[in-house]
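J.: Mind having a look at this structure? Questions to follow.
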Amino acid sequence: MTMFFRLLGRRLAALPIMLLGVTIMVFIVLSVVPADRATAVLGENATEEAKEAWREERGLNDSLLIQFFRYLAGVIRLDFGTTNPPEESVAAKIATAFPVTLQLTFLGILLAVILSLTLGVAAALYRDRWPDQAIRIFSIAAIATPSFWLAILLIQWFALPEGSIFPTGGLAWADQYGFVGWLYSMALPALALGIPVSASLIRVVRTSMVEELDRDYVRTAIGNGVPYRTVVARNVLRNALVTPVTVLGLRVGYLLGGAVVIEKIFSLNGMGDLIVVGLTTSDTNLVQGAVLTIAVAFVLVNIVVDLLYLLINPRIRTV
């Protein structure tokens, strides 16, 4: 536990620096976007004097450095400004939308983990036999399938006919049927998000398992009379999970980004809806707040992944 808390302390100490870097990157990238917020708000027919007065009132004519420190002060207070008229709090919109994205991402991760562990372990145990070949074909096909196209296929197959058990109109069923309705509403989006990720993880799990199964300690344990299933469950699987956890941590960013697209396809009012609305209306505050929230979530998830290394394999000492 000493090593765990030492790693936790190091990551928490570095967290403010990482968050500052993320904030700077998001601000700079969106500051150079050639979109005029004054024109988006006041309209194309507004006079240049009116546009200039609008920019001056909101400090948009100040230098980028001054605008950044003003923005950073607001971020520290969890104040991302207001949206384009009708003006609403960006933080309030994020507080409503972000839980939807988190729910979809969590279900996508859960599905990817279950599929990758089940099929990856099976492929390793039946190496070079027909189950391994079938799983390999599935993983290659799933890797080559974009999540947005898979989402459209799932809608055509399971949600288009009237009376289908899988809705595609947001979370209306969750309000009507509670948890069961929420699960039905999230089933297809989670499948579209999780299957492509699980495909890449299957190959990683299989490779890690094969490498562990070929090690000397496995043959020694089996030779000493330890049941094969016990060796696989207690030793091989635990040691083989280190690399897949690393890959999964990196794929969380893909899941968060992919959730943005999937949300629009399935009419889920998550962060994807905020980003699309912000981009189409040149609402810089809304886009900055949404992108920064997703980026911070990605940083925090990777810190959790670092901590999982020690829980899965205490032999790791280089942190």
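J.: Scan the stretch 1-35 residue by residue and report those that are open to solvent by 60 Å² or more (accessible area, probe 1.4 Å), touching a residue at least 60 places away in the same chain (Cβ under 8 Å) and either in contact with a Pro (Cβ under 8 Å, 6 or more places away or on another chain) or over 30 Å from LEU307 (Cβ atoms) (or both).
T.: Passing the criteria: only VAL33.
J.: Identify, by number, the condition in (1) in contact with a Ser or Thr (Cβ under 8 Å, 6 or more places away or on another chain); (2) closer than 26 Å to ALA290 by Cβ; (3) among the small types (Gly, Ala, Ser) that GLY59 doesn't meet.
T.: It fails just one condition, (1).
J.: If a residue must be closer than 23 Å to PRO244 by Cβ and free of Cβ contacts under 8 Å to residues at least 24 places away in the same chain, how many such residues does the stretch 220-233 contain?
T.: 6
J.: Can you name every residue in the stretch 132-148 that is over 9 Å from ALA199 (Cβ atoms) and open to solvent by 80 Å² or more (accessible area, probe 1.4 Å)?
T.: Selection gives ILE137, PHE148.
J.: If a residue must be within 26 Å of LEU110 (Cα to Cα) and among the basic types (Lys, Arg), how many such residues does the stretch 196-233 contain?
T.: From the stretch 196-233, those within 26 Å of LEU110 (Cα to Cα) are 196-213, 229-233; that's our starting set.
With the extra rule that they be among the basic types (Lys, Arg), the set shrinks to 203, 206, 229.
Adding up the residues that qualify gives 3.
J.: Suppose we filter ARG229, ARG203, ARG215 for residues that are within 30 Å of GLY272 (Cβ to Cβ) and either among the charged types (D, E, K, R) or at pLDDT below 85 (or both); which single one remains?
T.: Among ARG229, ARG203, ARG215, only ARG203 is within 30 Å of GLY272 (Cβ to Cβ) and either among the charged types (D, E, K, R) or at pLDDT below 85 (or both).
J.: So in the stretch 254-286, with the set limited to residues that are among the charged types (D, E, K, R) and in a helix (DSSP H, G or I), which one is least open to solvent (accessible area, probe 1.4 Å)?
T.: Of everything passing the filter in the stretch 254-286, GLU263 is least open to solvent (accessible area, probe 1.4 Å).
J.: Tell me which of these LEU193 doesn't satisfy, since it passes every other one: (1) part of a helix (DSSP H, G or I); (2) over 22 Å from GLY108 (Cβ atoms).
T.: Just one mismatch for LEU193, condition (2).
J.: Under the condition of being open to solvent by 20 Å² or more (accessible area, probe 1.4 Å) and farther than 19 Å from ALA73 by Cβ, which residue from the stretch 287-298 is modelled with the highest pLDDT?
T.: ILE294
J.: Pick out the one residue from THR168, THR101 that is touching a Gly at 6+ places or on another chain (Cβ under 7 Å) and modelled with pLDDT under 90.
T.: Answer to the selection: THR101.
J.: I would also like to ask the following. Six or more apart or on different chains, Cβ atoms under 7 Å: show the pairs whose first residue is in the stretch 182-196 and within 16 Å of PHE158 (Cα to Cα) and whose second is among the aromatic types (Phe, Trp, Tyr) and open to solvent by 10 Å² or more (accessible area, probe 1.4 Å).
T.: TYR184/PHE166; TYR184/TRP173; SER185/TRP173; ALA187/PHE166; LEU188/PHE158; LEU188/PHE166
J.: Among residues belonging to the stretch 111-131 that are of a type outside the set (Ser, Thr, Tyr), over 26 Å from LEU255 (Cβ atoms) and free of Cβ contacts under 8 Å to residues at least 24 places away in the same chain, point out the one that is least open to solvent (accessible area, probe 1.4 Å).
T.: Among those residues, the one meeting the criterion is PRO131.
J.: Considering only residues that are of a type in the set (Gly, Ala, Ser) and in a helix (DSSP H, G or I), look in the stretch 48-104 and name the one that is surrounded by the most Cβ atoms within 10 Å (Cβ to Cβ). Quick ask: steps written out before the conclusion?
T.: Applying the first criterion (of a type in the set (Gly, Ala, Ser)) to the stretch 48-104 yields 50, 53, 59, 63, 73-74, 81, 89, 91-92, 95, 97.
With the extra rule that they be in a helix (DSSP H, G or I), the set shrinks to 50, 53, 73-74, 91-92, 95, 97.
Values: ALA50: 13, ALA53: 14, ALA73: 10, GLY74: 16, ALA91: 18, ALA92: 12, ALA95: 12, ALA97: 21.
Applying the filter and picking the extreme gives ALA97.
J.: Next question. Go through ARG238, ARG251, ARG315 for me and flag whichever is open to solvent by 30 Å² or more (accessible area, probe 1.4 Å) and either part of a loop (DSSP other than H, G, I, E, B) or modelled with pLDDT of 85 or more (or both).
T.: Values: ARG238 fails: either part of a loop (DSSP other than H, G, I, E, B) or modelled with pLDDT of 85 or more (or both); ARG251 fails: either part of a loop (DSSP other than H, G, I, E, B) or modelled with pLDDT of 85 or more (or both).
Answer to the selection: ARG315.
The values are calculated or read from the model by the stated rules, or taken from the named source; none is laboratory data. The model shown is predicted, which means the values in this text are computed figures rather than measured ones. Note that each Cβ is placed from the backbone with ideal geometry, even for glycine, and that neighbours are counted across all protein chains shown. With ligands, DNA and RNA removed, areas are computed over all heavy atoms of the protein, side chains included. Shrake-Rupley method; radii C 1.70, N 1.55, O 1.52, S 1.80 Å.
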